[in-house]
Amino acid sequence: MSAVRILRLATGGDGVGRLEDGRTVFVPRTAPGDLVELTRFRSHRRFARARLARLLEPAAARVAPRCPHYVEDDCGGCQLQHLSPVAQREARRAIVGDALRRIAGLDLADPELIPAEREFDYRTKITLAVDGGGRRIGLHPLDQPERAFELVRCHITHPDLMALWAELRCLRELLPRGLRHVVLRLDRRGGRHLVLVTRTAEREAGADALRAELAARGVSATVWLQPEGGEAVAAAGPGQPFPATVFEQVHPAMGDRVRAHAIAALGEVAGRRVWDLYAGIGETTAALVQAGAAVESVESDPRAVAEAENKGPAARRLVGRAEAVVERLGAPDLVITNPPRTGMDARVTAQLERVAPHRIVYVSCDPPTLARDLTRLPGYRLASVLAFDLFPQTAHVEAVAVLERAS
């Protein structure tokens, strides 16, 4: 087969080239400018997917990946370790800009991006899969969610968690039967948490022994047991500051910068009625209340709402999916929304159109669903968008879009 030149990166981080028959081909682990030979084709009528067989001409932006798993195990956790930091940031800017142009039909340049201070060692949570009856615990190879390779070290995860993992690997005989996932998490106070997700409810016996063995090796951690689909229970060690399964940004320092920018983008909030949708553990709500806003918040996870209450009850908090409860909220002056990767339900955007707040600040972790939701808000114009580099080495990017009511 003839060589293919990689032209750009797609949203998920795959390189994009053009085959001789005119179809687009998506190739992971390639860089814009690469000249490549391809293998392992999966053909579709209008496009194809393939893997890199041989690199004929490397792009100038290519670097040697720091993590051995990226090459040796084809780890799917990162998508861009083969690119320089500058090239990665440009790629993430382009991912946001492309989605807004292609899906939302907006005529704008790629947004500016606020870089992360750390390119590695930043994640404060990692979820490991269990394969082979517990013989392998680690991450999934690219496009193979049914398999896992044995993890030695994840280079984008915080060293305190990798120190915990290094000792835990030697103690797997103490892990419960029916183990499905191992979650390692670092809380804001530096406390380590080990969440053992099992097929069925497990007795707490054994958790104390595991925690004691870890402590004997110089690593302290709270051990949690969680039946799949159920609630996690702190089986050994203190269960605070909040349940280890409640969502929190995996890059807290950059998450704080996103939140600060989003709140500032609302403008003056004192005396204003503000919605905080998808409110999580209430950090944004607390900041808005402190600034004098009258806040109504919505969050589907009751554990997160309970933690938010601990930050101060001076807000009206609704527990439930945003689309189910948004019609129960009073008309707002301003809205801040931070939905999951699926974006906002159409019922939420329809209600926003009806109540017509002056400004909406949309915090997005998925540019395509952000762009789709903008098309569902025809009464608003995009005043600004700024990208944030929350996830170096990956194709994921956070963006904050400011929407103003069209006159």
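Output the number of residues of the stretch 350-407 satisfying the condition of being outside any helix (DSSP H, G or I), of a type outside the set (S, T, N, Q) and within 22 Å of the chain's Cα centre (by Cα).
Selection size over the stretch 350-407: 22.
Report the residue count in the stretch 382-394 for those that are in contact with a helix residue (DSSP H, G or I) (Cβ under 8 Å, 6 or more places away or on another chain), more than 20 Å from THR349 (Cβ to Cβ) and crowded, with 20+ Cβ neighbours inside 10 Å.
The number of residues fulfilling the criteria is 6.
Inspect the stretch 215-223 for any residue being among the basic types (Lys, Arg) and in contact (Cβ under 8 Å) with a residue 40 or more places away in the chain and give the result as yes or no.
Within the stretch 215-223, one or more residues are among the basic types (Lys, Arg) and in contact (Cβ under 8 Å) with a residue 40 or more places away in the chain.
Assess whether ARG185 counts as being charged (D, E, K, R), surrounded by 14 or more Cβ atoms within 10 Å (Cβ to Cβ) and in contact (Cβ under 8 Å) with a residue 24 or more places away in the chain. Steps first, please.
Details: charged (D, E, K, R): yes; surrounded by 14 or more Cβ atoms within 10 Å (Cβ to Cβ): yes; in contact (Cβ under 8 Å) with a residue 24 or more places away in the chain: yes.
Judged against the criteria, ARG185 is a match.
Kindly state which helices (runs of 4 or more DSSP H) lie completely within the stretch 67-171 and contain at least 3 residues that are of a type in the set (D, E, K, R).
Passing ranges, in order: 85-102.
Being under 23 Å from HIS261 (Cα atoms) and surrounded by fewer than 16 Cβ atoms within 10 Å (Cβ to Cβ) is the filter; apply it to the stretch 102-112 and report the residue that is nearest to the chain's Cα centre (by Cα).
Result: GLU112.
I want to confirm something. Restricting to the stretch 148-169 and keeping residues that are in contact with an Asp or Glu (Cβ under 9 Å, 6 or more places away or on another chain) and surrounded by fewer than 16 Cβ atoms within 10 Å (Cβ to Cβ), which single residue is farthest from ARG29 (Cα to Cα)? Walk me through how you get there before you give the answer.
Step one: of the stretch 148-169, the residues in contact with an Asp or Glu (Cβ under 9 Å, 6 or more places away or on another chain) are 148-151, 155-159, 162, 167, 169.
Filter once more, so that each one left must be surrounded by fewer than 16 Cβ atoms within 10 Å (Cβ to Cβ): 150, 159, 169.
Details: GLU150: 21, PRO159: 26, ARG169: 29 Å.
Among them, the one singled out is ARG169.
Looking only at the stretch 265-295, how many residues end up being free of Cβ contacts under 8 Å to residues at least 60 places away in the same chain and closer than 11 Å to ILE336 by Cβ?
7
What pairs come up if the first residue lies in the stretch 137-165 and is under 16 Å from LEU186 (Cβ atoms), the second is of a type in the set (Phe, Trp, Tyr), and their beta carbons are under 7 Å apart, counting only those six or more places apart or on different chains?
Partner pairs satisfying both residue conditions: HIS155/PHE120; ILE156/PHE120; ILE156/TYR122; HIS158/TYR122.
Being surrounded by 19 or more Cβ atoms within 10 Å (Cβ to Cβ), part of a helix (DSSP H, G or I) and touching a helix residue (DSSP H, G or I) at 6+ places or on another chain (Cβ under 9 Å) is the filter here, so list the residues in the stretch 307-337 that pass it.
Selection gives ALA308, ALA322, VAL326.
Going residue by residue through the stretch 222-243, is there one that turns out to be assigned to a helix (DSSP H, G or I) and among the aliphatic types (A, V, I, L, M)?
no
Looking only at the stretch 128-137, count every residue that is surrounded by 14 or more Cβ atoms within 10 Å (Cβ to Cβ) and on the phi < 0 side of the Ramachandran plot and tell me the total. Lay out the reasoning, then the answer.
Kept after step one, since they are surrounded by 14 or more Cβ atoms within 10 Å (Cβ to Cβ), are these residues of the stretch 128-137: 128-131, 134, 136-137.
This time we only want the ones that are on the phi < 0 side of the Ramachandran plot, so: 128-131, 136-137.
Result for the stretch 128-137: 6.
Does the stretch 353-381 hold any residues that are hydrophobic (A, V, I, L, M, F, W, C) and surrounded by 18 or more Cβ atoms within 10 Å (Cβ to Cβ), and which are they?
ILE360, VAL361, VAL363, CYS365, LEU370, ALA371, LEU374, LEU377
Can you say whether GLU268 is surrounded by fewer than 19 Cβ atoms within 10 Å (Cβ to Cβ), at pLDDT 85 or above, assigned to a helix (DSSP H, G or I) and of a type in the set (D, E, K, R), as far as the supplied structure shows?
No: the conditions fail for GLU268.
Quick one: is LEU210 surrounded by 16 or more Cβ atoms within 10 Å (Cβ to Cβ) and touching a strand residue (DSSP E or B) at 6+ places or on another chain (Cβ under 7 Å)?
yes
Hey, can you tell me all the residues within the stretch 271-306 that are surrounded by fewer than 21 Cβ atoms within 10 Å (Cβ to Cβ) and more than 25 Å from ALA244 (Cα to Cα)?
GLY271, ARG272, ARG273, GLN290, ALA291, GLY292, ALA294, listed by residue number.
Look at VAL71 and say whether it is surrounded by 15 or more Cβ atoms within 10 Å (Cβ to Cβ) and among the β-branched types (Val, Ile, Thr).
no
Kindly establish whether LEU370 is hydrophobic (A, V, I, L, M, F, W, C) and modelled with pLDDT of 95 or more.
Considered against the rule, which asks whether it is hydrophobic (A, V, I, L, M, F, W, C) and modelled with pLDDT of 95 or more, LEU370 comes out as yes.
The values are calculated or read from the model by the stated rules, or taken from the named source; none is laboratory data. All values reported here derive from a predicted model rather than from experimental measurement. Because the Cβ atoms are built from the backbone with ideal geometry, glycine has one as well, and the counts that use them run over all protein chains shown.
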